[in-house]
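What follows is a short report on a single structure.
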Amino acid sequence: MKQWLSDLWYGFYTVLVGMKITWRHLFVDKVTLHYPEEKWTLPPKSRMRLFMKYEDCIGCGQCARACPVDCIYIKTEKRPPTSPAIWAADGTPIKLDTHVFDIDMSLCCYCNLCTYPCPTNCIYMTPEYEFAATDLTSHLYHFAKPNAKFLTVNPKPPAPKPAVAAGAPGAPAPAAKPGVPIAPGAPTPVAPSPGTTPKEAPPVPGDAANPAPIIATGTPPKAGGDTAGGGDSAPPAAVDPEPSKA
Amino acid sequence: MDLLWGFLNQNLSGFSDLPGWLQVAIPAAICGVLLITFMALGPILYVYVETKVAGFMQDRIGPKRVGPHGMLQTVADALKLMFKEAIYPAGADKMLFILAPCLVVLGAFLSFVVIPFGARGVTANLNIGVFYVVAVSSVSTVGLIMAGWASNNKYALFGAMRSAAQIVSYEIPAVMILLTIVMIVGSLSLNDIVMAQAGGLHQWFLFRYFPLMPVAFLIFFTAGLAECNRVPFDIPEAESELVAGFHTEYSGFFFAMFFMAEYTEMFIVSAVASVLFLGGWWAPLPALQQVGPVGLGALWLILKAWALVFVMMWLRWTLPRLRVDQLMHVAWKVLLPIAMTLVVVIGGLVMWEPTKNGFPWDRYFGWPLTGIVFFLLLYWLIAARRWSARRIREYAA
């Protein structure tokens, strides 16, 4: 009987405690965000839509190799020695013409792994998240611009050479590279032909393992002007079979 | 109907010359139209309030898009349900399948007939009003079982069986409590019960026999909650166990009818509870009973009933669902013994001359108790505002 009474009181009391809590929450400020009207400002490092600054890309393809879902498609071609020298914003010489740089955001898993290996920090994630589309193919972003304006002067000229040799501690790392730029860029002049894949200095190591991202196109790049990219970027359909193979 | 008949008789020339059956039928039809409108439109309001209360209690804002503050949301929902196709499951008994929601709604609506909205503002002042309410509210149980059986669905049948077990169990304590009131008043008529509580808040049955009647009220309210299948007694439609219980297979307008019946029944249970314990259409102060010539009786009854409906919603978003065995435990081992004790004790007290109308100290409890309840609600409100402000400050820091 005593137990029964204490159970009864306990049940009644706990109901009151619960009711007190819910009553209090009736008058608490609401946390709802009226989404289309109000937007939450995302933290600056949030991983949303990828962006690639084409003018800074050296076409090394490390992002494509790092991508776990193979959603970055790159087609590059060696830049002919006759065309003017161009540099990325951090002083890295661009020795490959990137004809195709496509990112399929419908495949992207937002892991951010592609941004770490990029030597010029040209690929990064933006806080932009409103890019829903009714058509899946509209999530395939083409970043290669045929009329991109590249830097034709080295923004970070190399340190004066005669003072110290290449391995000196005073010379900054990016500045050391442009010391070797244009002339040895094409030591073995291979005529671009459809079947061959000319191995270029930066992308070599991974090529045997994953040859998909970097292949040479048969279209000879236009030498004139400071436009680097080939006029015609290959349609996405031509790129699609590659990740399925890999 | 009495009131309406008198009104028509005085103000409509030639009304008394009509044949006798028309003199009854016309006021009855008008009453019916009024009540059915009230009953059919009520659930739209209750569902809106329910969604809003649910939202607020979960720190959300509830419906907002359709109409100002989302007020037309339930209207839109109701219209949508009306135009939706009614799907009949394969193997269902089609006639029973259609009849079931009608019976459920009928059971809910029939109780309205005896609820007094004023001294004469009652559709049918039955001298067995209390008995009628108990009898008619069981009709909807038949409808629930019918729905479960006709659906040809195991979950629906489970729900129906559970609802049968539950309503049979909870009807008993509820009727026991009704019995105590009937013993005090000496009449089964709901209007007589209201008249016996005249004279202000301290005369309400809730505050009579001080420690006893509040307990009786709690038992009645709990049993009423169980009878309209509300949380925490919603095991007949437990959506996480049985898809939706007895109305799993219903769609479109039939589903809307179940919904309507549920919310109407909530109002009826609340209205009956306020008639029995909260003085029905009496105002808490006699001075508030009417403004000039306009009586506010109906308003007071509806306000009290709505307050209780709000408590039901409040409970719904507070408590988890009981298990079936816990449900039976509460009904048979907790509510019923207390209710039977109350019947015996109050019966004895009514028989004894000095305590015929309550204990001598009853008059000191009505106002203080009401005051304490309001003070607590207000205090919690202020505490909530403070808590909210503190939380925002902490979040900003």
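Bear in mind that the values in this text are calculations on the coordinates, not laboratory data. Quick caveat: nothing in here was measured; it's all calculated off a predicted structure. All Cβ positions, glycine included, derive from the backbone under ideal geometry; neighbour counts span all protein chains shown.
Report, to one decimal in Å, the Kirkwood hydrodynamic radius for region B:210-281 based on all distinct Cα pairs.
In region B:210-281 this quantity evaluates to 13.6 Å.
Out of region A:1-44, which trypsin sites (Lys or Arg not before Pro) are coil in DSSP terms and have no more than 12 other C-beta atoms within 10 Å?
When the trypsin sites (Lys or Arg not before Pro) of region A:1-44 are filtered for loop state and at most 12 Cβ neighbours within 10 Å, A:Lys39 remain.
Restrict the search to region B:210-272; then list the GluC sites (Glu not before Pro) that DSSP places in a loop and that have at most 14 other Cβ atoms within 10 Å of their Cβ.
Details: sites: B:Glu227, B:Glu237, B:Glu239, B:Glu241, B:Glu249, B:Glu262, B:Glu265; in loops: B:Glu239, B:Glu241, B:Glu249.
Within region B:210-272, the qualifying GluC sites (Glu not before Pro) (loop, at most 14 other Cβ atoms within 10 Å) are B:Glu239.
Please compute the volume of the convex hull spanned by the alpha-carbon atoms of the protein assembly as shown and report it per residue in Å³.
Here the figure is 276 Å³ per residue.
Just to confirm the filter: which trypsin sites (Lys or Arg not before Pro) across region B:23-109 are DSSP coil and have at most 16 other Cβ within 10 angstrom of their Cβ?
When the trypsin sites (Lys or Arg not before Pro) of region B:23-109 are filtered for loop state and at most 16 Cβ neighbours within 10 Å, B:Arg60, B:Lys64, B:Arg65, B:Lys84 remain.
Which residue fluctuates most in the GNM of chain B (Cα springs below 10 Å): B:Ser16, B:Ser138, B:Ser151?
Judging by the Gaussian network model, the answer is B:Ser16.
Taking 41 Å as R0, compute the FRET efficiency from the Cβ-Cβ separation of B:Ile172 and A:Tyr141 and round it to 0.05.
After rounding to 0.05, the efficiency reads 0.05.
Using a Gaussian network for chain B with springs between C-alpha atoms less than 10 Å apart, which of these wobbles most: B:Leu201, B:Leu106, B:Leu288?
Of B:Leu201, B:Leu106, B:Leu288, the Gaussian network model singles out B:Leu288 as fluctuating most.
Once a ≥ b ≥ c are taken as the square roots of the eigenvalues of the Cα gyration tensor of chain B, is the result rounded (a/c under 1.5), prolate (a/b larger than b/c) or oblate (a/b not larger than b/c)?
In terms of gyration-tensor shape, rounded.
Once you charge only the Cβ atoms, +1 for Lys and Arg and -1 for Asp and Glu, what is the size of the charge dipole of the protein assembly as shown about its Cα centre, to the nearest 20 debye?
1740
What are the radius of gyration and Dmax of region B:272-323, computed over its Cα atoms and given in Å?
Cα-based Rg and Dmax for region B:272-323 come out at 14.5, 52 Å.
Sorted from fewest to most neighbouring beta carbons within 10 Å, what does the list B:Asp17, A:Asp104, A:Asp90 look like?
B:Asp17, A:Asp90, A:Asp104
State, to one decimal in nm, how far the label point of B:Arg390 lies from the label point of B:Gln290, with both points 7 Å from Cα in the Cβ direction.
5.1
With the crude spin-label approximation of a point 7 Å out along Cα→Cβ, what separation in nm comes out for A:Phe12 versus B:Met195?
So the label points at A:Phe12 and B:Met195 sit 3.4 nm apart.
Contact order normalised by length for chain B, with contacts defined as Cα pairs under 8 Å and 6 or more residues apart; what percent is it?
20
Please arrange B:Trp282, B:Trp332, B:Trp300 by counting, for each residue, the other beta carbons lying within 10 Å of its beta carbon, fewest first.
With the fewest neighbours first, B:Trp282, B:Trp332, B:Trp300 line up as B:Trp332, B:Trp300, B:Trp282.
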